[in-house]
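Take a look at the structure set out below.
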Amino acid sequence: MSDNVYDILEERGFIAQCTHPEELRDLLGREKVKFYIGFDATADSLTVGHFLTIMAMTHMQKAGHIPVALMGGGTTMIGDPSGKSDMRKMMTIETINHNVECFKKQISKFLDTSEDKMLFRNNADWLLNLNYVEFLREVGVHFSVNRMLTAECYKQRMEKGLTFFEFNYMIMQSYDFLKLHNDDGVVLQMGGDDQWSNIIGGVELIRRKEQKPAYGLTFTLLTTSDGRKMGKTEKGALWLDPEKTTPYEFYQYWRNIEDAKVRDCLGLLTFLPMDEVKRLGALEGAEINKAKEVLAYEVTKIVHGEEEAEKAQKAAREVFAGSGISDNMPTHEYTKEAFDAADVIQALVDTGLATTRSDGRRLIEGGGVLVNDEKITDVKRKLLESDLTDGVLVLKKGKKKAVKIEVK
């Protein structure tokens, strides 16, 4: 193995915390390591938060290590309390199994899933048929409740009331690591930094119970400058499924991110060499837009393929630099009756450019709304026949977001 993948992950900005950094770096430089990342199947598509962990898995796999993608068919039935102020809603086994299959399909797009290169596992296989008393005797004895209650993942829930149901989550996740360690030789668990407490639980369980080395490493979370999780849009999460978030919307999200986050995202979410990441990340003023365009193109290419990335880039350029209309831009259809009844505020809400009518009103009052190239100043302005060219108009929010409205 040439470059040590620990150094690659560190340079690209992935590593937030690690249980035994020097030991782990040494191990990754010496031998082929099996590591796992867990995916709780809470939806039928992965999000951009998962994408960061998949990128880390890709770097690890390219360096010769073996990823184990653990589907949370069992843990999803409880729900991770980390970062949550409310208990997650319970899901049926059928829904969870469907989501697991969707996840496996998506993950397989990014990694080499040949048998000797990668493993898929599902914790439903061992968690759902556990004998409770045996489990307590085998695993529960190694956990101190006092210590668990100081864990970050439980703190937010303590205020509203942490159920015993959720309190089990850390022990179950720790047991997953023990099981994968004993069955598959997994020695490293990786995950988002909000998983730190849960990951330490598994590392310590293996070291105590098996008297063998085990390691934990967490990734930097994608956040905005004010600390919110990145990947939220007006329509909700930024999904990897093109049916849920179109490649154009996906591209536009990265094209419009805040300047301060461009370098981080280039390092974490693309395969560009670090020299290029540093060069683009150092651009300032209007020049930073070139870096954002590269970021948007590269991330969209990895997730949706080169052809979709080309189309999204072309559409963005046409809409904001050329004629204002592109076949590849997001489209909202109105019937003739709905169009005649709609005002601009309603159109902003219907197209997702505004979350509510009051949000739409604020956008107009702030001078950020255009119908075609006309700035709208009247909050009561209706959509007009005269706005249409061949049954089409373009509604814009600011300089970066636009939707084509078609009347059928």
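Brief remarks follow.
- Radius of gyration over Kirkwood radius for the stretch 331-407, both on Cα atoms: the Rg/Rh ratio is 0.91.
- Karplus-derived HN-Hα couplings along the stretch 9-25 (A = 6.51, B = -1.76, C = 1.60, θ = phi - 60°), whole Hz, x at Gly and Pro: 4, 5, 5, 7, x, 6, 7, 9, 9, 8, 6, 9, x, 5, 4, 5, 4
- Backbone geometry of the stretch 393-408 corresponds, through the Karplus equation with coefficients 6.51, -1.76 and 1.60 at θ = phi - 60°, to 3J(HN,Hα) couplings of 9, 10, 9, 10, 10, x, 8, 10, 10, 8, 10, 8, 10, 10, 9, 9 Hz, x marking Gly and Pro.
- When you count the other C-beta atoms within 10 angstrom of each residue and take the mean per peptide, 334-344, 170-180 line up highest first as 170-180, 334-344.
- In degrees, nearest ten, helix 196-209 long axis to first principal axis of the chain (Cα): 20 degrees
- Under-16-angstrom lysine pairs by C-alpha in the stretch 5-219, whenever the two are 8 or more apart or on separate chains: 15
- Relative contact order of the chain, taken over Cα pairs closer than 8 Å and 6 or more residues apart, is 14 percent.
- Bridges between two residues of the chain, per DSSP, are antiparallel at a rate of about 50%.
- Loop-located GluC sites (Glu not before Pro) in the stretch 281-310, at most 12 other Cβ atoms within 10 Å (DSSP): GLU284
- Cα shape, the stretch 1-74, gyration tensor, a/c 1.5 rule: prolate
- Answer label for Cα Rg over 2.2 N^0.38 Å (calculated), chosen among (1) 0.94; (2) 1.00; (3) 1.11: (3)
- When only the Cβ of Lys, Arg, Asp and Glu is charged (+1, +1, -1, -1), the dipole of the chain relative to its Cα centre reaches about 720 debye.
- Each peptide in 190-202, 94-106 receives the mean, over its residues, of other Cβ atoms within 10 Å, and ordering these scores from highest gives 190-202, 94-106.
- Angle in degrees between helix 93-110 and the longest Cα principal axis of the chain, rounded to the nearest 10: 80 degrees
- Value at 222 nm in deg cm²/dmol, rounded to 500, when DSSP H runs of n ≥ 4 in the chain each add -39,500 (n - 2.57): -13500 deg cm²/dmol
Throughout, read-outs are computed from the coordinates displayed, never taken from laboratory work. Predicted, not measured: the structure shown is a model, and the values here were computed from it. Neighbour counts are summed over all protein chains in view; Cβ atoms, including those assigned to glycine, are modelled from backbone coordinates with ideal geometry.
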